[in-house]
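> The structure follows.
Here, each number is a calculation from the coordinates, and none is a lab measurement. Predicted model, so just to flag it, every value in this text is computed and none were measured. Neighbour counts are summed over all protein chains in view; Cβ atoms, including those assigned to glycine, are modelled from backbone coordinates with ideal geometry.
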């Protein structure tokens, strides 16, 4: 399910639906965790091929020799241990869609083989002598800047142009912050059900932290953070201290005013820094001390010395 109402994600969904009714090869760009597979599934499910298979293979997770076997299959006796014919994913997906995830991780040799299928609609099983013809719609995805890989010779330009007939760019989560509350609500309900927990509410302080976090792992990171908060929380509320430490640490501390002395600036920075950390820890000084990597007793001493009101 694709969650979001922002202009950027609405455009992505709209483009995917337009592409669905064509046979055009599509290349999906997006950082890890942005939902490239969901967009590929949407294209397939909205297409005339929806009743046929939708198969996925992660090109970056499988060694080249195994990837070739998985995609093209092999004949009996093609190599040691090949005691029977194996049908590859291209054949299984005939009439449907094959999603090649992380296409940028493929080797030049594999790129040549993929190019042949895209150009001719045919391939040879490993050890085979007769070509196999298939009708497969290819959707590829990558988080790499393939144009730079072309310049360095790492990726074939001719394959790129074959794949890049239609290009869909998925924005990172940090560029569509207005969708974060909707995603949080969805994951709260989903993960609470999966973990046999009541659906908690999220405090305003925790939601502020969630919205302002850069989410370099995108939606996948957000999903994991919400699940963790549900599991370790009290079942009623998700507070700042229930979030992963790296998210709590993503706080913003205001800079001291220019024109004061160095000593005053240092004192102001310490005061603001501690106050902001305690705030993001939801007022929990134990959690704040862990974030600061200091003893709780020392934190109390600093709070008193700097007259910090929490």
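> Just from its helices, what would the mean residue ellipticity at 222 nm be for the chain, if runs of 4 or more DSSP H residues each count -39500 (n - 2.57) and the sum is divided by every residue, rounded to the nearest 500 deg cm²/dmol? Walk me through the intermediate numbers first.
On the way: 14 runs with 143 residues, N = 310.
Value at 222 nm, helices only, nearest 500: -13500 deg cm²/dmol.
> Working out 0.36 nm times the residue gap between residue 133 and residue 300, then minus their Cα-Cα distance, what length gain in nm do you get to one decimal?
Details: separation 167, 0.36 × 167 = 60.12 nm, distance 7.34 nm.
Length gained, residue 133 through residue 300: 52.8 nm.
> Given contacts defined as C-alpha pairs under 8 Å and at least six residues apart, what's the relative contact order of the chain, whole-number percent?
Values: 492 pairs, mean separation 55.5, N = 310.
Relative contact order comes out at 18 percent.
> Compute the angle between helix 36-45 and the longest alpha-carbon principal axis of the chain, please, reported from 0 to 90 degrees and rounded to the nearest 10.
Helix 36-45 and the main axis of the chain meet at about 50 degrees.
> If you build a Gaussian network model of the chain, linking Cα atoms that sit under 10 Å apart, which residue out of 112, 209, 136 swings the most?
Checking each option, the largest mean-square fluctuation is seen for 112.
> Treat each spin label as a single point 7 Å out from the Cα along the C-beta direction, and report the residue 197 to residue 246 distance in nm.
2.0
> Okay, moving on. Based on C-alpha coordinates, I'd like the Rg and Dmax of region 262-305, in Å.
My reading of the Cα-based Rg and Dmax gives 10.2, 30 Å.
> Return one number: the angle in degrees, 0 to 90 and rounded to the nearest 10, between the long axis of the Cα atoms of helix 7-20 and the longest principal axis of the Cα atoms of the chain.
Value to nearest ten degrees: 10.
> Between region 115-179 and region 1-32, what is the C-alpha centre distance in whole Å?
16
> Here is a further query. I'm spelling it out carefully: the read-out is Cα extents along the principal axes in Å, the candidates are (1) 77, 54, 33; (2) 120, 43, 30; (3) 83, 46, 43, and one was derived from this structure. Which label?
For Cα extents along the principal axes in Å, the calculated option is (3).
> Moving on to the next point. Any chance you could check the Cα centroid distance between region 192-247 and region 287-306 for me, in angstrom?
25
> How far is helix 262-280 tilted, in degrees, relative to the longest principal axis of the Cα atoms in the chain, given as a value from 0 to 90 rounded to the nearest 10?
So the helix axis and the longest Cα principal axis differ by about 60 degrees.
> Can you report the principal axis dimensions of region 1-159 using only the alpha carbons, biggest first, rounded to whole angstrom?
Between the extreme Cα coordinates on each principal axis of region 1-159 lie 54, 40, 25 Å.
> Computed FRET efficiency, Cβ-Cβ of residue 18 and residue 264, R0 51 Å: what is it to the nearest 0.05?
Step by step, r from the Cβ atoms, then E = 0.30.
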